[in-house]
Structures are given as C-alpha cells and as structure tokens.
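The structure appears below as structure tokens.
What follows is calculated from the coordinates using simple rules that are stated; it is not laboratory data. For clarity, every value in this text was computed on a predicted model and none was experimentally measured. Neighbour counts are summed over all protein chains in view; Cβ atoms, including those assigned to glycine, are modelled from backbone coordinates with ideal geometry.
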Amino acid sequence: MLWLVLSMAVWGIVHSILASMQVKGFLRGILGSGFMRVYRLSYNIFSLATFAPILVLMKRLPDRSLYVVLSPWVYAMLAGQIAAALCLLVTFLQTDALSFVGLRQLIEEEKPAALVTKGFYRLVRHPLYLFSLLFIWLSPIMTVNMLVVWISLTAYLFIGAYFEERKLLREFGAAYADYKSRTPMMIPGLLFGRNK
C-alpha cells in the first residue's frame, strides 16, 4: 500500500507543479511562446503516461478482494458507470475540448479561456471531477489496491480543485467569485460546497 500511496503522491505533486502558472511562465521565458503551443498536449500525454505505471503497480502488487457486487446490483453499478462516462463525455464537450486536449494550440494561437457556466457546470463547478469520481467509485469490484488508489485519487481531485479555483479566481475575477458563490463545488445542492 505504501508504494501506491507514494506513487500517487509523487504523480499528484508533479502533475500539479507542471499545471501551475509559475512553471508555465518559467518555461515560456526559457523556451519561448512557440513551445507553449505544444505544452498542453505534452502535459496531457505526460500525465497519462506517468499514471499508467500506477495502474500497472496496482495490478501487480500483492492484493486481496474487499468485495464483489453480485447480480442484480452489479447491473445498477455498471449502469451508473456508463451514465457517469456519458456525463463525463458531455461535460468534456461543453468545454473547448480541442483546447483542453491541446490540439487547438497546435494550429492557432491560444485564446483566452472562457468561463463555462452552462450545462453540467450549472449544477457544480467541477463536473469533470464529479463524474470521474462517480465512475471509479461505482466499480462493482473492489480490492485493497484499488481502494488505496481511489482514495488517493479522490484526495488529489479535491486538493486539485482547491488550487484550480485559486487560479480561476485570478483569471476571471468577480465573474468566477459570483459563480463560485452560487454553485456547489462538486456535489449538487450541497451548501457546504458553496464557498464564499
């Protein structure tokens, strides 16, 4: 378990540092604005490539089953995962998906980001995180290693949401502060998530 926790911690720290405005500014100063056209795509590829070994480690380390959901409830959980995956896709498309992935920057100058408050973003400020968490936690099979990675990933997403919100407040100012005051962070209708 310690290896998985350490791997997730290192991945989360590196992922967060590379996403920071300070690192982006530093790299822009050294490598020029031309490099920034490939930064987002490179960042996404790097993030996926460095998360893959954690999944391999999760499968290869000694493990034991915690539970297996049986029929008919397994179908409800699988239906929930399918619904979460579809909602994740819809949410992804509600953003500027090509810019999010980093492909738009390859063919044109990066434009200032737009604050998205429609669609699932009307319900929560971080629907991508919400639907990702629903997808993993609705798994009908749970092992110790999966539990460690899912808890670590959940903690990372909540911590990441906190830092992302600080960045969004700097970027969008009063517009984001207003949106934040009336929209829950990750759980629809949860007043606790409406950070003032």
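Helix 21-31 and the long axis of the chain differ in direction by around 60°, with both axes built from C-alpha atoms. Compared with the dominant principal axis of the Cα atoms in the chain, helix 73-94 is inclined by about 10°. In this simple spin-label model, placing a label point 7 Å from the Cα along the Cα-to-Cβ direction at both Tyr67 and Phe158 gives a separation of 1.9 nm.
For the chain, a Gaussian network of Cα nodes joined below 10 Å ranks Leu70, Leu130, Leu86 by mean-square fluctuation, and the top entry is Leu70.
Ordering Leu4, Ser33, Leu123 by Cα displacement along the dipole of the chain toward the positive end leaves Leu123 in first place; charges were set at the Cβ atoms of Lys, Arg (+1) and Asp, Glu (-1). The angle between the Cα long axis of helix 33-60 and the longest principal axis of the Cα atoms of the chain comes to about 10 degrees, rounded to the nearest 10.
Answer rounded, prolate or oblate for segment 1-93, using the Cα gyration tensor with square roots of eigenvalues a ≥ b ≥ c: rounded when a/c is under 1.5, else prolate when a/b is larger than b/c, else oblate. Provide the component values of the computation, followed by the final result.
Numbers: a/c = 3.73, a/b = 1.70, b/c = 2.19.
The shape class here is oblate.
Non-local lysine pairs in the chain, meaning eight or more places apart or on different chains, with alpha-carbon distances under 30 Å, amount to 14.
For the chain, a Gaussian network of Cα nodes joined below 10 Å ranks Trp73, Trp150, Trp11 by mean-square fluctuation, and the top entry is Trp73.
Quick one: in segment 49-125, what % of C-alpha pairs are over 15 Å apart? Numbers along the way, then the final one.
Numbers: 2176 of 2926 pairs.
Value for segment 49-125: 74 percent of Cα pairs lie more than 15 Å apart.
Comparing Phe46, Phe163, Phe26 in a Gaussian network model of the chain (Cα springs below 10 Å), the most mobile by mean-square fluctuation is Phe26.
Expressed in nm to one decimal, what extension gain is obtained for the pair Ala174 and Leu41 from 0.36 nm per residue of sequence separation less their Cα-Cα distance?
So the extension gain works out to 44.9 nm.
Rounded, prolate or oblate: which fits segment 100-180 when a ≥ b ≥ c are the square roots of the eigenvalues of the alpha-carbon gyration tensor, with rounded for a/c under 1.5 and prolate only if a/b beats b/c? Judged from the Cα gyration tensor, segment 100-180 comes out prolate (a/c at least 1.5, a/b above b/c). Once you order the gyration tensor axes a ≥ b ≥ c over the Cα atoms, which shape class does the chain get: rounded for a/c under 1.5, otherwise prolate or oblate by comparing a/b with b/c? Here the chain falls in the oblate category. Simple point charges give the picture: +1 on the Cβ of Lys and Arg, -1 on the Cβ of Asp and Glu, and for the chain a dipole about the Cα centre of about 280 debye.
Charge dipole of segment 1-92 (Cα centre as origin; +1 on each Lys and Arg Cβ, -1 on each Asp and Glu Cβ, all else neutral): 260 debye, rounded to the nearest 20.
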